[in-house]
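The structure under discussion appears below in the form of structure tokens.
The values are calculated or read from the model by the stated rules, or taken from the named source; none is laboratory data. Because the structure is a prediction, the values reported are computed rather than measured. Cβ sites come from the backbone with ideal geometry, for glycine too, and all protein chains shown count toward neighbours. We work out accessible area using only protein heavy atoms, side chains counted, and drop any ligands, DNA or RNA first. Shrake-Rupley method; radii C 1.70, N 1.55, O 1.52, S 1.80 Å.
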Amino acid sequence: MKANYIIEIQGLRTLAALLVAVYHIWFQKVSGGVDVFFVISAYFIAYSLSKHNSISILELVGYYSKTIRRILPSAFVVFLFSAVLMFAFVPYVYFNSEMKNSIATIFFIENWYLSISGSSYLSDEGFKSIFQQYWALSVQVQFYILFPAILLVLSNFFGSQNLSKKINLFFIPVAIASFLYALFITNLNPSWAYFDAFARAWEFIFGLLLFNNIDKLKLNKITATFLNVSAITAIILFGFFVPQTQPMPGLITLIPVCSACIIIISSRSDLLISPLATKLLAKFGDYSFSFYLWHWPIFIIVFNYNSITGNAHLDGLLVLLVSAIFAWITTKFVESPIRKSRFLSINFLRTAVFLCLVLFFESLISGFFVKHYYDIKRGELAKLESFYLSREFQSSERTVFFPHPLIIKQDLPETYTSGCHQRKLETDAITCSFGDESSSNLVVLVGGSHSTQWLPPLKLIAEQKGFHLISITKSDCSFTGEIYDTRYEPSSHCLAWNRNLNNIIDQLKPQYLVTTITRPSVDGEYVPKGYINAWATLKEISPSTSIIGIRDNPWFDFDPALCNELHNMSTAECSRPISNFYRSETTDYLEEQQVSVIVDFSDEFCPNAMCTTLTDDKLLKYRDRHHLSKAYSLTLYNKLESYFENL
């Protein structure tokens, strides 16, 4: 491979970094800038190893040493800054998740952690991690390690042909396989695919193959200029026209990837105009890596954890300016001295020790936060267990809501951890028994997670009244029939589970069946046609069974725990009008159906016509946007019990 440095690549790095930041700040969208970075990164891998036709172990070690000294300083400084911000600003609700993000960042596997945790990049729902930008660096580092090692093997084995030919023979099929896999996994699971290194491999390989074959590609001045300007325009406008919901890295990702390749190819010609070769853009390319790392935590602090309402455009410009200043400082006074250090460069062992020391120090930082987290968590879990028994707590002593935001996500019915509550793709109807199993009075709780949330108080009622309670529930699956409407279409797994559920009900012939009987919609609560069909089927297979139907609770467009932490338990900020959720005509309609008893907690959820997320004594009603906390459901025990007076 022949070395061929192109000044426009520096300008392209600048453009990519700025686009990432600009689209994050003003559009909350992906820009294609990261995809451009991936192409450039692979191009530079090939460039760095292009001095000889064969690659030796010594050259490979030298490459790794340079890469460590180039990447680690800025990555560490921004990590340290982000860790301080985590401790100072991150809400307790997401502290556990942030600790895991920090640990994944240390070992450059942040992309895999985000995939496994089901994170959706830039989603308005949930929480944006301060460390989230490290996913792209993690992918790059994984390929910084893998690709040179593959080039070493290709250089020294597999025949006597030149290295360039070997690279084409090996990487072209791999690129095709990776691209086809990306199309498949993006369609199957977009959240996973976005961070999947295997789905991103083809983008890197494009850059590698480009460098390997660039000498074969010749363009005249006019054609090169036209393609260069067109590709720059395509990259700039890509994020603007691509919908936020567009899954990536799918077919559409070819636009920024191919545009980056076209810019590099055309820049080798004598262009009529060369926008990316301007002195300012080319110079800023030296700081683009640090700028990319810095912009994200600064953006998160200004836009997510700043309680002062300001001008969004000025705030955005402030993020760009501060990020640029920090990038310049980091590059000039940290990265450059370490990257050029003769002390480290003359001996790879010294660089390896430097790497180990940095990782060790980062681990100490994360260890401090882990200890801080578990010290608080241990005490709060004990208080929560005590509350389960007594249903009492001292609200006057609390400066945050109860259950503590550190553990609110764990405040859920025990069936989630015991295996009784089926997951989305499971179809078996599993039964779990509570109360007096010898009782002739049998109550069955069925449905999805919104039925499951009533299990804790129902268990107490079963124990108090001595009846037999059986729970049969499944995530994302209501008690429904195979009739669709435009607002609720259960999955095939849900319908199969419901068929199995009906077989069990047919055998049990329960006295009462408890389930949720309404769902939310943009127009307020409604009763899906599938629900009515399921109730009619129930009457056919078990005529003596009476339905105790529970009106669903409000579903919020925000995380109540996060909202109450950020806004100091503000009722105004973390409430919504009752008209957003409930309709009086729904009750009249339900009375005409097969429902024997309608359980209505709307006055508890929405006192004074406002659907609140906290009780007056600071007990949090919700563990997420639309699921009740177990602690709160237990406080509704007495009212729920009144609906079971005849048992």
**OP:** Hey, for a label at Val597 modelled as a point 7 Å past Cα toward Cβ, could you say which residues of region 522-555 have their backbone N under 12 Å away?
**Re:** 546-550
Original post:
Which order do peptides 574-586, 25-37 fall in by mean Cβ count within 10 Å, highest first?
Top reply: 25-37, 574-586
Original post:
Counting Lys +1, Arg +1, Asp -1, Glu -1, what net charge surrounds Phe38 among other residues with beta carbon under 11 Å of its beta carbon?
Top reply: -1
Original post:
Taking a probe of 1.4 angstrom, what is the accessible area of Met569 in Å², to the nearest 10?
Top reply: 40 Å²
Subject >> Accessible area in square angstrom per residue, region 311-394, 1.4 angstrom probe >> reply: 63 Å²
**OP:** Read phi for every residue in region 71-78 and hand back ³J(HN,Hα) as whole Hz from Karplus 6.51 cos²θ - 1.76 cosθ + 1.60, θ = phi - 60°, with x for Gly and Pro.
**Re:** 8, 4, x, 5, 4, 5, 4, 5
**OP:** Could you pull out which residues in region 561-601 have an amide N less than 16 Å from a spot 7 Å beyond the Cα of Val522, following the Cα-Cβ vector?
**Re:** 580-581
Original post:
For region 220-245 and region 468-547, what is the separation of their C-alpha centers, rounded to whole Å?
Top reply: 52 Å
Subject >> No Cys partner within the rule (Cβ under 4.7 Å), the chain >> reply: Cys258, Cys261, Cys356
Original post:
Distance from the Cα centre of region 402-439 to that of region 85-99, in angstrom?
Top reply: 27 Å
Original post:
Which listed residue (Tyr484, Gln133, Phe601) has the Cα farthest towards the positive end of the charge dipole for the chain, taking +1 on Lys and Arg C-beta and -1 on Asp and Glu C-beta about the Cα centre?
Top reply: Gln133
Original post:
Counting Lys +1, Arg +1, Asp -1, Glu -1, what net charge surrounds Lys371 among other residues with beta carbon under 12 Å of its beta carbon?
Top reply: +1
Original post:
Ignoring ligands, DNA and RNA, what percent of the 1.4 Å accessible area of region 90-204 is carbon and sulfur?
Top reply: 68 percent
Original post:
Zone of Asp315 (label point 7 Å along Cα→Cβ, backbone N under 20 Å): which residues in region 72-91?
Top reply: 82, 85-91
Subject >> Which listed pairs, of Lys29/Lys100; Lys371/Lys424; Lys409/Lys509; Lys474/Lys529; Lys100/Lys621, have C-alpha distances above 29 Å, in listed order >> reply: Lys371/Lys424; Lys409/Lys509
Subject >> Cut-off under 5 Å, modelled amide H: who pairs with Ile547 long-range >> reply: Leu513, Ser596, Val597
Subject >> R0 of 30 Å, Cβ-Cβ distance Val370-Asp616: FRET efficiency to nearest 0.05 >> reply: 0.30
Subject >> Cα-only Debye scattering, region 228-386: base-10 log of I(q)/I(0) at q = 0.10, 0.13, 0.14, 0.16 Å⁻¹ >> reply: -0.70, -1.06, -1.14, -1.23
Original post:
Counting only residues 5 or more places away or on other chains, whose amide H sits under 5 Å from the amide H of Leu614 once H atoms are built in the peptide plane?
Top reply: Lys621
Subject >> region 568-613: proportion of alpha-carbon pairs further apart than 17 angstrom, % >> reply: 43 percent
Subject >> Relative packing of peptides 426-435, 132-141 - highest average C-beta neighbours within 10 Å first >> reply: 132-141, 426-435
Subject >> Within the chain, helix-based [θ] at 222 nm, where runs of 4 or more DSSP H residues each add -39,500 (n - 2.57), nearest 500 >> reply: -18000 deg cm²/dmol
Subject >> Compactness of region 200-241, expressed as Rg and Dmax over alpha-carbon positions, Å >> reply: 13.0, 34
Subject >> Charge sum, other residues only, whose C-beta stays under 13 Å from Lys340's C-beta, Lys/Arg counted +1 and Asp/Glu -1 >> reply: +4
**OP:** Over the Cα atoms of region 91-198, compute the convex hull volume and normalise it per residue, giving Å³.
**Re:** 102 Å³
Original post:
Sorted by accessible area (1.4 Å probe), largest first, how do Ile68, Ile550 line up?
Top reply: Ile68, Ile550
Original post:
How long are the three semi-axes of the equivalent ellipsoid of region 12-149, in whole Å, if each is the root of 5 times an eigenvalue of the C-alpha gyration tensor, listed from largest down?
Top reply: 30, 18, 13
Original post:
So for region 415-568, what are the equivalent ellipsoid semi-axes in whole Å, largest first, each being the square root of 5 times an eigenvalue of the Cα gyration tensor?
Top reply: 25, 21, 15
Original post:
How do Phe195, Phe558 rank by accessible surface area computed with a 1.4 Å probe, from largest to smallest?
Top reply: Phe558, Phe195
**OP:** With the Cα gyration tensor of region 485-608 in hand, give its eigenvalues times 5 under a square root as the equivalent ellipsoid semi-axes, listed largest first in whole angstrom.
**Re:** 32, 16, 14
Original post:
Dividing the convex hull volume of the Cα atoms of region 569-647 by its residue count, what figure in Å³ per residue is obtained?
Top reply: 118 Å³
Original post:
Can you give the FRET efficiency for Phe158 and Phe333, using 1/(1 + (r/R0)^6), R0 = 60 Å, r = Cβ-Cβ distance, to the nearest 0.05?
Top reply: 0.85
Subject >> Extension gain from Ile7 to Lys165, taking 0.36 nm per residue of separation minus the Cα-Cα distance >> reply: 54.2 nm
Original post:
To the nearest 10 Å², what's Tyr305's accessible area with a 1.4 Å probe?
Top reply: 30 Å²
**OP:** Identify all aspartates and glutamates with a Cα-Cα distance to Lys218 below 19 Å; exclude those on the same chain that are fewer than 8 residues away in sequence.
**Re:** Glu8, Asp270
**OP:** Summarise the accessible area of region 298-355 (1.4 Å probe, protein heavy atoms) by the percent that is carbon and sulfur.
**Re:** 68 percent
Original post:
Over the heavy atoms of Arg391, what accessible area does a 1.4 Å probe trace out, to the nearest 10 Å²?
Top reply: 90 Å²
Original post:
Given a Förster distance of 25 angstrom, what is the FRET efficiency for Glu385 paired with Asn638, based on the Cβ-Cβ distance and rounded to 0.05?
Top reply: 0.75
**OP:** Report, largest value first, the span of the C-alpha coordinates of the chain along each principal axis, in whole Å.
**Re:** 88, 51, 46
